[in-house]
Amino acid sequence: MVEPITHTPSHHDAGQTTYERYLRTEELLTLQKPEELLVQHDELQFQIVHQVFELWWKETAFELRTIHTLLHNDNVIEATRLLHRIVRIQYLMLDNLRMLETMTPWDFHAFRTVLADGAGTDSPGFQLLLKLSPPLWDEFRAVLARVQLTLVEVYTQTQRYPLLLACAEAFTDYDEVFQMFRSQHLKLAQRMIGPGSIGTGGTPLELLERTLKDLFYPELWEVRNTLTHMTQP
Ligand code: HEM
């Protein structure tokens, strides 16, 4: 027999529980447009998906700053653990992005004018990641310099330097998944407004396509070329 849903009653008045106060749910849930002001049904999802991005980017930026300090202090193990965390966050966000694929282009156009000249390029979270991510590489390079190792040595003597290799690979994961966001976002934008269109912020999608080649850690990709060349006769 199918059991009815168990309802666990709250012992506090609505809005007054420790849970609600700690998570500030009352404020959080008023940060979206009220239903009666939505121009179109899918606008709520659009706003929530973007807000979730900003929250996770905030957490990512927080961890990036910590990783910077950890590497500065040669704490490679802890830096690697947090790099794995930010990689997971970015993967989580790829699914968040896909939520918008449940919207049709025509539905998007029904509220697109509300966005006016608002554009993802102005996202404070994204800008912060663009600013904080590249300098981490200088810190990692400095760690290598202190132990007098080259990147090629780390990648060829894998048994000897497992921690440094794990850290370099975690950096690679992060660079890779960031690129995946860029390419998945471009695909989403293309399917919503068409590959030949211009964004609300004035950027043609063709221009956005060029960012697909931007890398935070080009050396990590170059070292792979080196390894391949080393093994070729
Ligand atoms: C209907 C869905 C979406 C469309 C059609 C779209 C379209 C665009 C376009 C056309 C641009 C270029 C700037 C401009 O508007 O002129 C852009 C940039 C951007 N969008 Fe979106 N976007 C969508 C969803 C999202 C979501 C959910 C996020 C997550 C917060 C996001 C984040 C960004 C970022 C960070 C940029 C700047 C990229 C860069 O400078 O490399 N977009 N988007």
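No value in this document is a laboratory result; all are computed from the given coordinates. Being a predicted model, the structure only gives us computed values, none of them experimental. Reconstructed Cβ throughout: ideal geometry from the backbone, glycine too, with neighbour counts over all protein chains shown.
Per-residue extension of 0.36 nm, minus the Cα-Cα distance of TRP221 and GLU101, leaves a gain of 40.1 nm for this segment. Per residue, the chain reaches -20500 deg cm²/dmol at 222 nm when only DSSP H runs of four or more residues are counted, each adding -39500 (n - 2.57). If the elastic network links every pair of Cα atoms under 10 Å, which of TYR161, TYR174, TYR22 fluctuates the most in the Gaussian network model of the chain? Residue with maximal mean-square fluctuation among TYR161, TYR174, TYR22: TYR22. Exactly which trypsin sites (Lys or Arg not before Pro) in the range 1-62 are in a DSSP loop and have at most 12 other Cβ atoms within 10 Å? The qualifying sites are ARG24.
Would you kindly state how much longer the chain becomes between LYS58 and GLU26 on full extension, computed as 0.36 nm times their sequence separation minus their alpha carbon distance, in nm to one decimal? Full-extension gain reported as 9.5 nm. In terms of other Cβ atoms within 10 Å, LYS131, LYS33 run from fewest to most in the order LYS131, LYS33.
In terms of other Cβ atoms within 10 Å, LEU37, LEU94 run from fewest to most in the order LEU37, LEU94.
Relative to the longest principal axis of the Cα atoms of the chain, the long axis of helix 162-193 lies at roughly 40 degrees. The orientation-averaged shadow of the Cα convex hull for the chain, equal to a quarter of the hull surface, comes to 20.4 nm². Here TRP221, TRP106 are placed in order of increasing Cβ neighbour count within 10 Å, fewest first, which gives TRP106, TRP221. Taken along the Cα-to-beta-carbon direction at a fixed 7 Å, the label points for GLU176 and THR69 span 3.0 nm. Rounded to the nearest 10 degrees, the inclination of helix 135-146 to the longest alpha-carbon principal axis of the chain is 30 degrees.
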